[in-house]
Amino acid sequence: MGVELILPDGSVRSYPEGTTGLDVAREIGPRLAEAAVAVRIDDEWYDLTRPLERGGRFRVVTRDTDEGRSVLRHSAAHVLAQAVLDLYPGAKFAIGPPITDGFYYDFDIGRPFTPEDLERIEAKMLEIIDEDQPFVREELSIDDALEVFADQPYKLEIIRGVDEGEGVGEGVVSVYRNDGFVDLCRGPHVPSTGRIPAVKLLRSSGAYWRGDERRPQLQRIYGTAWESSKALADHLHRLEEAERRDHRRLGVELDLYSFPPELGAGLAIWHPKGGILRREIEDYSRRVHADHGYEHVVTPHVAKADLWETSGHLRFYAEGMYPPMELDHGQRYHVKPMNCPFHILVYRSRSRSYRELPLRLFELGTVYRYERSGVLHGLLRARGFTQDDAHIFVAEEDLGAELAGLLDFVLMVLRDFGFEEFEADLSTRPEKYVGAPDLWERAESALRSALDAAGLDYAVAEGEGAFYGPKIDVHIRDAIGRRWQLSTIQVDFAQPENFGLVYTTSENTRTRPVMVHRALFGSVERFIGILVEHYAGAFPSWLSPVQATVVPVADRHVAYAEEVGRRLRQAGLRVEVDAADETVGEKIRRAITQKHPAVLVVGDRDAEAGTVGLRLRGADRERRDVPLDEAVASLAEASRPPR
């Protein structure tokens, strides 16, 4: 019995039993077949050489797409595991998924891997790839699989169903074999190891099994695989550039912030220059929120456990919260992981009328979340951070207009900080949800309309919304093309119900508002980390902690340099006068290294004529004999905040 496929051009064709995805791809075109790594029928993946078992909408996945690269990387992870088990007898292997731009595999060889180990393993991987070993898929019963992996405790744990997401089905698991090596896997994989064009191992680190600090620590090897040697070389160049831009290193070099071990993991302290940068961002946020109809509130850092019981956080988010403090004769308090329950209490503090809606409450509120140590990453993943958090209480009939305005607001703010490339995800109703289905449909439709009106490219994440409502996640691309998730707009039907929120309508009846959660930066800390890496520390002048450095040529010019500094400060600029006993070249190099937007050099002629030498960041050369008034006016204009 054959299968009936809907091909990419919309035509419908029937194929005999035993037809593979590669057969169909070859019929469509030889170039397509050459680039193919797998096929999909509707949402089901098939290896190219696996006979197609059902009909549906057929699509070829090529190696130069995100989906195709994921298949390449998954296959490369298997080759990595094969190499390690061949080189280190008795090695135990755990899991090895594809990840963004690469893959990893976790092992236990009784010690950490060394750089020499990685060189040896990579050489073995290249041997396996050169041998062009076929990937062969099989299905095994649970009992047979337990026998095959009898000496691999991590695979046994997976097979026994500890984690249902690892390929355990209804009494059957799938495995892939190549040249005697076997691994538990759902697939798909490329037809053979020789179809992996370019691979590179990057580094190794410790990783707890299942991310649980109470479980064994394994050794994780990271690698990357690409569709061509050129694509791999381009990626390695991006990694070098990302290392140069690493916000943790630049934060120290620019004296912005630090992470003293005495504080504890995931917590930062802000130095004076970092404090200036943060203040400018927070002041901007306060201004634009006030200009767009938000009311500023302030809430405490802790609250009784009862509040988190009502909000549901202790049911759904307890693992992300710090343990309670026992106060007030046994009353438990928690430091807050979220600001939303506090804003709800502001709304509920008195009766509300339809005339007050939408009510937009805004706070720069610091929250604390117990992130596992293995995922902490400077400012980008911290345990204490401040959100530019807003919660909007709106009548159901006004939800669409409010969401459209919110998305415009989000994009305006991100553009003000220099981002121009945006993408979005729309997450829709999951299987388990609260609220009426028609309200979900209206909310999702309003979110779609807002995305369409903004002209944003977006993907629909079907069923990925929270149980309490759908959401939009806005992503940006930074200067080296990396994708960052930043802003979130989230509709919430649950909290108004949990807290019994109501307002009086124009007909003098009482009904519930809809609640919208919204953060533009995500968190101030993470946003600053992204900005540091986006600009490589060379911030726009309005954000730069030091906007101009004045350099006297000799000691006799210090008095005039101080006068230039005074004039610049009067114009609102942040200025340093570098009167150190060093050469002019050394002082200029220091200002350039510290990413200061402008350097003003003053000597004899400048002191007499009231001029400066002006060197702007990025300019080819210094301008000489610039009138001081002109220099002050131009720098003040260049340093003006966007709003």
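The values are calculated or read from the model by the stated rules, or taken from the named source; none is laboratory data. These numbers come from a predicted model, not from an experiment. Glycine also receives a Cβ, built like all others from the backbone with ideal geometry; neighbour counts cover every protein chain displayed.
Restricting to the stretch 315-332, count the residues that are closer than 30 Å to residue 503 by Cα and not in a helix (DSSP H, G or I).
Final tally of qualifying residues: 1.
May I ask you to list the residues in the stretch 462-480 that are more than 14 Å from residue 425 (Cβ to Cβ) and either modelled with pLDDT of 90 or more or β-branched (Val, Ile, Thr) (or both)?
Correct list: 477, 478, 479, 480.
Within the stretch 25-44, is even one residue acidic (Asp, Glu), within 24 Å of residue 4 (Cα to Cα), in contact (Cβ under 8 Å) with a residue 24 or more places away in the chain and in contact with a strand residue (DSSP E or B) (Cβ under 7 Å, 6 or more places away or on another chain)?
Scanning the stretch 25-44 turns up no residue that is acidic (Asp, Glu), within 24 Å of residue 4 (Cα to Cα), in contact (Cβ under 8 Å) with a residue 24 or more places away in the chain and in contact with a strand residue (DSSP E or B) (Cβ under 7 Å, 6 or more places away or on another chain).
List every residue pair whose Cβ atoms lie under 9 Å apart, where the two residues are 6 or more positions apart in sequence or sit on different chains, the first residue falls within the stretch 141-155 and is without any contact (Cβ under 8 Å) to a residue 24 or more places away in the chain, and the second residue, located anywhere, is among the charged types (D, E, K, R) and surrounded by fewer than 16 Cβ atoms within 10 Å (Cβ to Cβ).
146/160
Among the residues of the stretch 300-309, write down those that are crowded, with 16+ Cβ neighbours inside 10 Å and out of contact with any strand residue (DSSP E or B) (no Cβ under 6 Å at 6 or more places or on another chain).
Matches in the stretch 300-309: 303, 307.
As an exercise: evaluate residue 326 against (1) modelled with pLDDT under 90; (2) closer than 15 Å to residue 389 by Cβ; (3) of a type in the set (Asp, Glu) and give the number of the one condition it does not meet.
Every listed condition holds for residue 326 apart from (2).
Looking at the stretch 269-279, can you tell me whether even one residue there is farther than 17 Å from residue 537 by Cα and out of contact with any Gly (no Cβ under 7 Å at 6 or more places or on another chain)?
yes
Can you give me the number of residues within the stretch 345-374 that are under 16 Å from residue 390 (Cα atoms), assigned to a strand (DSSP E or B) and not acidic (Asp, Glu)?
Selection size over the stretch 345-374: 8.
Considering the stretch 505-540 alone, what residues qualify as being in a loop (DSSP other than H, G, I, E, B) and either more than 26 Å from the chain's Cα centre (by Cα) or farther than 26 Å from residue 479 by Cβ (or both)?
Within the stretch 505-540, 505, 506, 507, 508, 509, 512, 513 qualify.
So which of 360, 355 is crowded, with 17+ Cβ neighbours inside 10 Å and in the same structural domain as residue 391 (by TED's automatic domain parsing)?
Every option except 360 fails the conditions.
Among 238, 177, 186, 215, which is out of contact with any Cys (no Cβ under 8 Å at 6 or more places or on another chain) and farther than 30 Å from residue 35 by Cα?
Just one listed residue meets the conditions, 215.
Restricting attention to the stretch 547-558, does a residue exist that is charged (D, E, K, R) and assigned to a helix (DSSP H, G or I)?
Looking through the stretch 547-558, at least one residue is charged (D, E, K, R) and assigned to a helix (DSSP H, G or I).
In the stretch 563-583, what residues are charged (D, E, K, R) and either surrounded by fewer than 16 Cβ atoms within 10 Å (Cβ to Cβ) or outside any strand (DSSP E or B) (or both)?
Within the stretch 563-583, 563, 566, 567, 569, 574, 578, 581, 582 qualify.
Being of a type in the set (D, E, K, R) and without any contact (Cβ under 8 Å) to a residue 12 or more places away in the chain is the filter; apply it to the stretch 584-623 and report the residue that is surrounded by the fewest Cβ atoms within 10 Å (Cβ to Cβ).
620
Give me the residue from the stretch 325-336 that is surrounded by 17 or more Cβ atoms within 10 Å (Cβ to Cβ) and of a type outside the set (D, E, K, R) and, out of that set, nearest to residue 365 (Cα to Cα).
Of everything passing the filter in the stretch 325-336, 335 is nearest to residue 365 (Cα to Cα).
Just to be sure before I move on: is residue 459 surrounded by fewer than 19 Cβ atoms within 10 Å (Cβ to Cβ), at pLDDT below 90 and over 24 Å from residue 313 (Cα atoms) in the structure I sent?
Considered against the rule, which asks whether it is surrounded by fewer than 19 Cβ atoms within 10 Å (Cβ to Cβ), at pLDDT below 90 and over 24 Å from residue 313 (Cα atoms), residue 459 comes out as no.
One line per residue, one yes/no per condition, for (1) among the acidic types (Asp, Glu); (2) closer than 23 Å to residue 67 by Cα:
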residue	(1), (2)
179	yes, no
197	no, yes
201	no, yes
208	no, no
213	yes, no
216	no, no
223	no, yes
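Restricting attention to the stretch 282-314, which residues are part of a helix (DSSP H, G or I) and of a type in the set (D, E, K, R)?
282, 283, 286, 287, 291, 306, 309 - these are the residues of the stretch 282-314 that are part of a helix (DSSP H, G or I) and of a type in the set (D, E, K, R).
Would you confirm whether or not the stretch 266-273 contains a residue that is of a type in the set (Val, Ile, Thr), in a strand (DSSP E or B) and within 26 Å of the chain's Cα centre (by Cα)?
yes
For residues in the stretch 449-487 being of a type in the set (Phe, Trp, Tyr) and not in a loop (DSSP other than H, G, I, E, B), which is farthest from residue 421 (Cα to Cα)?
Applying the filter and picking the extreme gives 458.
So which residues in the stretch 261-272 are in contact with a strand residue (DSSP E or B) (Cβ under 9 Å, 6 or more places away or on another chain) and under 22 Å from residue 545 (Cα atoms), if there are any at all?
267, 268, 269, 270, 271
Please return the ranges of helices (runs of 4 or more DSSP H) entirely within the stretch 21-109 where 1 or more residues are surrounded by fewer than 22 Cβ atoms within 10 Å (Cβ to Cβ) and polar (S, T, N, Q).
Of the helices (runs of 4 or more DSSP H) lying wholly inside the stretch 21-109, those with at least 1 residues that are surrounded by fewer than 22 Cβ atoms within 10 Å (Cβ to Cβ) and polar (S, T, N, Q) span 66-87.
What's the number of the only condition in (1) among the small types (Gly, Ala, Ser); (2) modelled with pLDDT of 95 or more; (3) surrounded by fewer than 21 Cβ atoms within 10 Å (Cβ to Cβ) that residue 401 fails to meet?
All conditions are met except number (2).
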